[in-house]
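Student: Here it is, the structure in full.
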Amino acid sequence: MRISPRTTQAAALAGMWVLAILTLGVLAFIIAYILVHGLPHVTWSFLTESPESMGREGGILPMIVGTAWVAGLAVVIAAPVGVATAVYLTEYTREGRLTAVIRFGADCLAGIPSIIFGLFGFVFFVITLGMGLSIVSGALTLALMVLPTIIRTTEEAIRAVPSSYRDASYGLGSTRWQMVTQVVLRSALPGIGTGIVLSIGRSVSETAAVMLTAGSALGLPHTAFDSSRTLALHFYILSREGISMTNAFATASVLIIAILAINLAAYGLMRRFVARVT
Amino acid sequence: MRREKIIALALLVTALSAISGLALITAFIFKEGLPIMLTVGLEKFILSGDWYPTEGAFGIFPMIVGSLAVTAGAMVIGVLFGLGCAVLLTQFAPPRLVSIIKPSIELLAGIPSVVYGFLGVVILVPLIRENLGGPGLSVLAASIVLGIMVLPTVTSISVDALQAVPRSYREGSIALGATVWQTTHRVVLRAARSGIVAAVILGMGRAVGETMAVIMVAGNTLDVPGSILDPVRTLTSNIALEMGYAAGDHRKALFATGVVLFVIIMILNTIALAVSRRRARQAVVR
């Protein structure tokens, strides 16, 4: 008996829909489960107080501050370097051996596991450079980790800018640098923003690398050279050591909401960029 | 013109930061890890199962097996779901649904690994323990959690590969009377093969390198697992679990674990890059 191609197609399609719906179901379940169990415990005082008795009581203010510091500083360091690299690769050179080497470096960096970044950050920033377990060590490590993302997205954004823009700018007598900064980068800005926002998200959710470089101090950090525990690490410690399930769920809710907001912002920027260059 | 030259030079120097970062990481990981590997003996370090770091016995064979086992399991799930979603998104789904499904899968990639690990412990582990037996913390639990985590990587790279297939291939096949599904698996998937292989290999790299989620659900025992319901420890969890208190040779042995992990990842990266470069060359020939 031969099964008709239409039947095979219907079966394959049904199978794929099941897979896709399951995938979306998992996503919805994760978000709903965390928020249902955690959101009721996210009170104003939870967000604005310091933890007490290792996080069993009290809030998560130092972790919110610490996360903002580490992720913010990481992106402040990585963004200029990443954007400059992408500008060099796209506007200042021709494809050749050098660009191949730079791309190879970025691609390999993108594939390295976060725990390796953690080990490196630990021996290099924490010990060799003597920065200790601190916000700076964590931020520098994360900066290296998100660098490939920023390079890649900026490159794509710059490539999407129509070449007629460049010709027009040159036609008006601008130098290459003027053309790049005032025309290309300006048009590519929302696209570059997407990469930066996604990098913030990646830094916020990272755990292994910050555990080995930023440490797990519970106090409110005063300078960038203080150790600080991030939200993701706090959540890990609370749940793994069974300190407080309630506070673990509440911390996870804050984390999930932050990630949702960050992804939404990235998505919005991307749509704006696509609308701009097409 | 002089100003332009200085700018170009400054940009070049900055652009070298990615490759110098990679060089620094390689240098420091090897510098810290390689000596102890050579003292213990490379063969003993990799093939021995005795890990008693306080007594100077460093053998990571069970961790290597553990990493490979959870990665293999993760790939079964990650590739099935990831490729299924990618084919659906590029060949069948109407654009309006694509605009919902694609960002959702990207969001899945944004969820912190600790959240995956936590839900694995709270939901998956008891489910496995009660229905299939064993401690629950197991190769199976780690594989399922990792499979979900690598799914977005596999999907997004496969989507790119499938979209890069020239439209004329698809149209030609459909014009010959093939159904969309026949076209998909006989023409489009075949043409996108090397891109999909790259997606699978990069997904594999993700799975091998994932740390926090695996620590939470894999059980972390030091034995070679006998079945998928047994607990395991991976290379990554070995580092993260013991780095907090290790000192001296013990710490160096953890860096050596990192060296092994690093070498595995670099091999996977290089294969993926070579495969996708071949694809780029083929595209030019076409």
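The values are calculated or read from the model by the stated rules, or taken from the named source; none is laboratory data. Small disclaimer: the values here were computed from a predicted structure and weren't measured. Methodologically, a virtual Cβ is constructed for each residue, glycine included, from the backbone with ideal geometry; neighbour enumeration extends over all protein chains shown. Ligands, DNA and RNA are excluded from the accessible area calculation, which covers all protein heavy atoms including side chains. Shrake-Rupley method; radii C 1.70, N 1.55, O 1.52, S 1.80 Å.
Student: In segment B:56-128, which helices (runs of 4 or more DSSP H) lie fully inside it and hold 3 or more residues that are open to solvent by 40 Å² or more (accessible area, probe 1.4 Å) and at pLDDT 95 or above?
Tutor: Counting at least 3 such residues, we get B:61-87.
Student: To continue, here is another question. Among the residues that make up segment A:56-68, is at least one of them assigned to a helix (DSSP H, G or I), more than 7 Å from chain B (Cβ to nearest Cβ) and under 30 Å from residue A:165 (Cβ atoms)?
Tutor: Checked segment A:56-68: no residue is assigned to a helix (DSSP H, G or I), more than 7 Å from chain B (Cβ to nearest Cβ) and under 30 Å from residue A:165 (Cβ atoms).
Student: Given the structure, is residue A:78 out of contact with any Cys (no Cβ under 7 Å at 6 or more places or on another chain), in a helix (DSSP H, G or I) and over 23 Å from residue A:206 (Cβ atoms)?
Tutor: No: the conditions fail for residue A:78.
Student: Determine if segment B:115-133 includes at least one residue that is at positive phi and in contact (Cβ under 8 Å) with a residue 60 or more places away in the chain.
Tutor: yes
Student: Let me ask something else about it. Please verify whether residue B:12 is modelled with pLDDT under 95, part of a helix (DSSP H, G or I) and within 18 Å of residue A:107 (Cα to Cα), treating the condition exactly as stated.
Tutor: In short, yes.
Student: With (1) facing chain A (nearest Cβ under 7 Å); (2) of a type in the set (A, V, I, L, M, F, W, C); (3) touching a residue at least 60 places away in the same chain (Cβ under 8 Å) as the list, and residue B:58 as the residue in question, which single condition is left unmet?
Tutor: Every condition holds for residue B:58 apart from (1).
Student: Take segment A:112-132 and flag every residue that is more than 7 Å from every other protein chain (Cβ to nearest Cβ), open to solvent by 10 Å² or more (accessible area, probe 1.4 Å) and touching a residue at least 60 places away in the same chain (Cβ under 8 Å).
Tutor: A:122, A:125, A:126, A:131, A:132
Student: With (1) away from chain A (no Cβ under 12 Å); (2) in contact (Cβ under 8 Å) with a residue 12 or more places away in the chain; (3) within 20 Å of the chain's Cα centre (by Cα) as the list, and residue B:165 as the residue in question, which single condition is left unmet?
Tutor: Single failed check for residue B:165: (3).
Student: Is it fair to say residue A:101 is surrounded by fewer than 16 Cβ atoms within 10 Å (Cβ to Cβ) and within 8 Å of chain B (Cβ to nearest Cβ)?
Tutor: Taking the combined requirement at face value, the residue satisfies it.
Condition check ((1) over 27 Å from residue A:126 (Cα atoms); (2) crowded, with 24+ Cβ neighbours inside 10 Å; (3) within 11 Å of chain A (Cβ to nearest Cβ)) across all residues:
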| residue | (1), (2), (3) |
| --- | --- |
| B:210 | no, yes, yes |
| B:222 | yes, no, no |
| B:253 | no, yes, no |
| B:267 | yes, no, yes |
